[in-house]
1. Here is a check on your reading of the model: is residue 409 closer than 19 Å to residue 203 by Cβ, open to solvent by 20 Å² or more (accessible area, probe 1.4 Å) and in contact (Cβ under 8 Å) with a residue 24 or more places away in the chain?
2. Take residue 236 and tell me if it is β-branched (Val, Ile, Thr), open to solvent by 50 Å² or more (accessible area, probe 1.4 Å) and either in contact with an Asp or Glu (Cβ under 6 Å, 6 or more places away or on another chain) or more than 30 Å from residue 342 (Cα to Cα) (or both).
3. Looking at the range 176-193, which of the residues that are open to solvent by less than 10 Å² (accessible area, probe 1.4 Å) and either at pLDDT below 95 or in contact with a helix residue (DSSP H, G or I) (Cβ under 9 Å, 6 or more places away or on another chain) (or both) is farthest from residue 352 (Cα to Cα)?
4. Taking the condition of being farther than 15 Å from residue 392 by Cβ and either under 15 Å from the mean Cα position of the chain (by Cα) or surrounded by fewer than 23 Cβ atoms within 10 Å (Cβ to Cβ) (or both), how many residues in the range 239-249 meet it?
5. Within the range 18-34, count every residue that is aliphatic (A, V, I, L, M) and either in a helix (DSSP H, G or I) or surrounded by fewer than 18 Cβ atoms within 10 Å (Cβ to Cβ) (or both).
6. Go over the candidates 402, 386 one by one and state the one that is more than 30 Å from residue 75 (Cα to Cα) and either touching a residue at least 60 places away in the same chain (Cβ under 8 Å) or touching a strand residue (DSSP E or B) at 6+ places or on another chain (Cβ under 9 Å) (or both).
7. Does residue 196 qualify as being closer than 29 Å to residue 406 by Cα and either aliphatic (A, V, I, L, M) or open to solvent by 10 Å² or more (accessible area, probe 1.4 Å) (or both)?
8. Name every residue in the range 136-145 that is under 19 Å from residue 178 (Cβ atoms) and open to solvent by 20 Å² or more (accessible area, probe 1.4 Å), in order of residue number.
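The values are calculated or read from the model by the stated rules, or taken from the named source; none is laboratory data. Small disclaimer: the values here were computed from a predicted structure and weren't measured. When we count neighbours, we look across all protein chains shown, and the Cβ atoms used for this are built from the backbone with ideal geometry, even at glycine. Ligands, DNA and RNA are stripped out before the accessible areas are found, and what is left, the full protein with its side chains, is counted by its heavy atoms. Shrake-Rupley method; radii C 1.70, N 1.55, O 1.52, S 1.80 Å.
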Amino acid sequence: MAINTETFAKNTQINGAKGIGGQSPQQALALLSDMTQGVAPISLAEYQARIAHAQTLMQQHSIDAIYLNAGTNLYYFTGTQWYASERMVGAILPAHGELQYIAPAFELDTLEGYMVIKGKVNTWHEDESPYELVSKVLTDMMPNKDITLGIDESAAFFVANGIAKAAPSMQLEDAKAITAGCRMIKSANELAIIQRAMDMTLVVHKAVASILHEGITTAQVTAFIDEAHRKVGATTGSFFCIVLFGEDSAYPHGVKSPKSLAINDTVLIDTGCELFGYKSDITRTYVFGEPSDRQRQLWQLEQQAQLAAFDAAIVGLACGEVDTAARNVLVEAGFGPGYDIPGLPHRTGHGIGLDIHEWPYLVKSDTTPLAAGMCFSNEPMLCVPGEFGVRHEDHFYMTNDGAKWFTQPALSIDDPFGNV
C-alpha cells in the first residue's frame, strides 16, 4: 500500500488533527500491539453450567432431548468446535442424563481431541444412516417412551428430515426455546470477552482512519483492517469488513464496484473480529475532508436516533420498542416512514455473541422483554441514495440498572475518535 511523500503531506493537512489521514500503514501498525492478555476463554465449569441450565429449560418445556448440530450451538454447550457439513456431526443432550455425540467413525479420534465436555461418541460408517443412529441412541436413552426431540434451529433441513424419516413416531420440535433461552443471556465471562473484542476493533477503527488518503481503494483499506486486527490479537484477522466511500455509503452492505476515496467523501467502515469465538462489530462514519452542512445534519440526526434507542432500553421493555424509539427520531425529521428510504431500511439492532447476528432483535415484531445479560448492536442507519449514508454502530448490554455501552459512540463528525 504505497503512498508518496506529496500525498502523505497533503492528507496530513486535510484531516490529520482529527486522526483521519496523516500516517502510513507501517506507522499505524507499529502503534498496535496484542490486546488479548488478561481475558480467559470459557471454562469447563461454565460449559457444565450451560448444560445444566439447558436441561432445566428442557424439563420446563417438556422436551426430552435436543439435537445440537455442528456449529455454534454445539460449541456453546460443549466447547467442541466443528463446522457443519454434509456429514452429520452433533450431540444429543437429554433432559436427564449425560450428553452423547454422533459422528462419522473415521472422525472419532479428531473429534475427541476437540471436546471440552467429554461424552460417549456414537459412530456411523459411510454406508450407514446417522439418522437411524440418532433414533437408536435416543431409544436406548429413554426406552418405552414417546420422545419429543428438539432440533437445533441452525441444523440443515436434510438433518431434520433425515431424523424425521428414521424415527416417524418421534415428535420433533424447534429447540430454539432452549438454545436461545440459554445463549441470549450472557454471563460475566462472556461479557468480558465481548468487551475486549469490541475494544480491539475500536482501536483498529482509529488506526485505519489514520491511513486514509485520496485515491485509496476499499480493497487496500480492507487488507489493512485485516492486518490490524491480527496485530491486536485476533488470530484469524477480520471476521468481516465493509468499506464504503461517498454515495456508496448509502447502501448498507455495499455495492458491486466500490469507488476509491475522494476529498470530502463520506467514509463508512463496518468491521469486527472474534475472540474465543465471540464477535465484535462496530461501524464508524465520518468525512475525509470538510463536512458539508448536509453531512453534518444527517450525521447528528443519526446519532440522535442511536442515542434514543439506547435511552429507551430498560429491563422489561419489549425489544421492538427500542426500534420504535430510534425510528421515530428519523420519521419526525422527515425520513421514512417505516422502512421507506430515504430513511432506515432495516432493524435498529441485533443480538450478538458467538454469532454476529443472534437473538433477540431490536425490531418492531420482536416482543421479547429486555433482560439483564442481553447484548445488542445499536445501528439505526440513515440511508439517502444519491447522496450518502450514515451508520453509527456501537453495542450495549443490559443490566438491571439499564443499558451499558461496550464502546462509547463517536464523539462528533469533526472529531469522531476524540483526537482534537
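1. Values: closer than 19 Å to residue 203 by Cβ: yes; open to solvent by 20 Å² or more (accessible area, probe 1.4 Å): yes; in contact (Cβ under 8 Å) with a residue 24 or more places away in the chain: yes.
Yes: the conditions hold for residue 409.
2. Against the criterion (β-branched (Val, Ile, Thr), open to solvent by 50 Å² or more (accessible area, probe 1.4 Å) and either in contact with an Asp or Glu (Cβ under 6 Å, 6 or more places away or on another chain) or more than 30 Å from residue 342 (Cα to Cα) (or both)), residue 236 qualifies.
3. If we filter the range 176-193 for residues that are open to solvent by less than 10 Å² (accessible area, probe 1.4 Å), which is where we start, we get 178-180, 182-183, 190, 193.
Of the ones still in play, those that are also either at pLDDT below 95 or in contact with a helix residue (DSSP H, G or I) (Cβ under 9 Å, 6 or more places away or on another chain) (or both) are 178-179, 182-183, 190.
Details: 178: 17, 179: 14, 182: 13, 183: 10, 190: 11 Å.
So the residue we want is 178.
4. Selection size over the range 239-249: 6.
5. Of the range 18-34, the ones aliphatic (A, V, I, L, M) are 20, 28-32.
From the residues that got through so far, the ones that are either in a helix (DSSP H, G or I) or surrounded by fewer than 18 Cβ atoms within 10 Å (Cβ to Cβ) (or both) too are 28-31.
Total meeting the criteria: 4.
6. When all the criteria are applied, what remains is 386.
7. yes
8. Keep residues of the range 136-145 that are under 19 Å from residue 178 (Cβ atoms), which gives 137-138, 141-142, 145.
Within the range 136-145, 141, 142, 145 meet the criteria.
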